[in-house]
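As structure tokens, the structure follows; a few thoughts come after it.
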Amino acid sequence: MLINNAAAHAHARELVQPIWFNYLRNIEVFTITDITILNSILFAFDYQTANEIITKIITNIDNRYPFMKELKANTLINQAIIQMKEHQFKSAVSILNSLQPLLKSLRQYDKLLVANARIAICQNDKQMALDQVSLLQKIDAAKLAISLKQEVKQFL
């Protein structure tokens, strides 16, 4: 049985919104678990709420957990795709450009290729985006390459 994607998204939103609006929104200091959960459910929220959550996540990481650099990188990668889905391409490029040094320092080259591909997408450079997909395939990140290729199709 196939589930309607829009219905599944609406159901997910219905399940996760109380987590934010009834509990976590009013908490000043998040635990790492709170941040991880919120980062995982960001896409179930509307644009404005997702940005509010991201701002709070980044503030918490910077002030309380500066050693959680990978979690910060993941959050910023999510923020960039959320910006892209809202056609806020300049903002997405800014986030992705600022993220590149962190990804290099963490040696997360797969995510660096994703960032580069998304920058290319935002700049309407399909060939550069596909080159990054090809590099992902060459480093055996096949699932990531397939997902990113879908993004290229979606945006370009």
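Laboratory data are not the source of any read-out in this text; all were calculated from the coordinates shown. Worth saying up front: this structure is predicted, and the values here are computed from it rather than measured. Note: ideal-geometry Cβ built from the backbone for every residue, glycine included; neighbour counts use all protein chains shown.
With +1 on the Cβ of every Lys and Arg and -1 on the Cβ of every Asp and Glu, and nothing else charged, how large is the dipole of the stretch 100-156 about its Cα centre, in debye rounded to the nearest 20? Present the calculation step by step, with values, prior to reporting the outcome.
Values: 9 positive and 5 negative charges, 19 e Å.
With only Lys, Arg, Asp and Glu charged at Cβ, the dipole is about 80 debye.
Just to be sure I understand, if you calculate log10 I(q)/I(0) by the Debye sum over Cα atoms at q = 0.09, 0.10, 0.15 Å⁻¹ for this structure, which of [x] -0.31, -0.39, -0.86; [y] -0.25, -0.31, -0.73; [z] -0.37, -0.45, -0.90 do you get?
Working out log10 I(q)/I(0) by the Debye sum over Cα atoms at q = 0.09, 0.10, 0.15 Å⁻¹ from the coordinates points to [x].
May I ask which residue of Phe67, Leu96, Phe43 lies farthest towards the positive end of the charge dipole of the stretch 36-156, with charges of +1 (Lys, Arg) and -1 (Asp, Glu) on Cβ and the Cα centre as origin?
The Cα lying farthest towards the positive end belongs to Phe67.
Over what distance in Å are the Cα centres of the stretch 62-102 and the stretch 118-156 separated?
The two parts, judged by their Cα centres, are 18 Å apart.
Run the numbers for Arg13 and Gln150: contour at 0.36 nm per residue of separation, minus the present Cα-Cα distance, in nm.
47.0 nm
What 222 nm value per residue comes from the helices of the chain, counting each DSSP H run with n ≥ 4 as -39,500 (n - 2.57) and dividing by all residues, nearest 500 deg cm²/dmol?
Working: 8 runs with 120 residues, N = 156.
It comes out at -25000 deg cm²/dmol, rounded to the nearest 500.
Name the aspartates and glutamates eligible as straight-distance cross-link partners of Lys138: C-alpha to C-alpha under 18 Å, and not fewer than 8 places from it in the same chain.
Within the straight-line cut-off, Lys138 pairs with Asp110.
Please work out whether the stretch 54-97 counts as rounded, prolate or oblate from its C-alpha gyration tensor, where a ≥ b ≥ c are the square roots of the eigenvalues and a/c under 1.5 means rounded, while otherwise a/b larger than b/c means prolate and anything else oblate?
prolate
Name the shape class, rounded, prolate or oblate, that the alpha-carbon gyration tensor gives for the stretch 12-81, where a ≥ b ≥ c are the square roots of its eigenvalues, rounded holds for a/c under 1.5, and otherwise prolate holds if a/b is larger than b/c and oblate otherwise.
Working: a/c = 1.92, a/b = 1.33, b/c = 1.45.
Here the stretch 12-81 falls in the oblate category.
About the Cα centre of the stretch 48-156, what is the dipole size in debye to 20, counting +1 per Lys and Arg Cβ and -1 per Asp and Glu Cβ, all else neutral? Could you put the intermediate results ahead of the total?
Working: 15 positive and 9 negative charges, 22 e Å.
Once rounded to the nearest 20, the dipole reads 100 debye.
Measure nothing but the geometry: give the 0 to 90° angle between the long axis through the Cα atoms of 5-21 and the longest principal axis through the Cα atoms of the chain, rounded to 10°.
Orientation of helix 5-21: about 40 degrees from the principal axis.
Specify the angular offset, from 0 to 90 degrees and rounded to the nearest 10, of the alpha carbon long axis of helix 32-41 from the longest principal axis of the alpha carbons in the chain.
Helix 32-41 sits at roughly 60 degrees to that axis.
Cα-Cα over 26 Å: which of Lys85/Lys111; Lys90/Lys153; Lys56/Lys104; Lys56/Lys149?
In this structure, Lys56/Lys149 exceed 26 Å between Cα atoms.
Label the stretch 78-141 by shape, choosing from rounded, prolate and oblate, from the square roots a ≥ b ≥ c of the eigenvalues of the Cα gyration tensor; if a/c is under 1.5 it is rounded, and otherwise prolate applies when a/b is larger than b/c, oblate when it is not. Display every interim value, and only then the final one.
On the way: a/c = 2.17, a/b = 1.26, b/c = 1.73.
Cα axes put the stretch 78-141 in the oblate bin.
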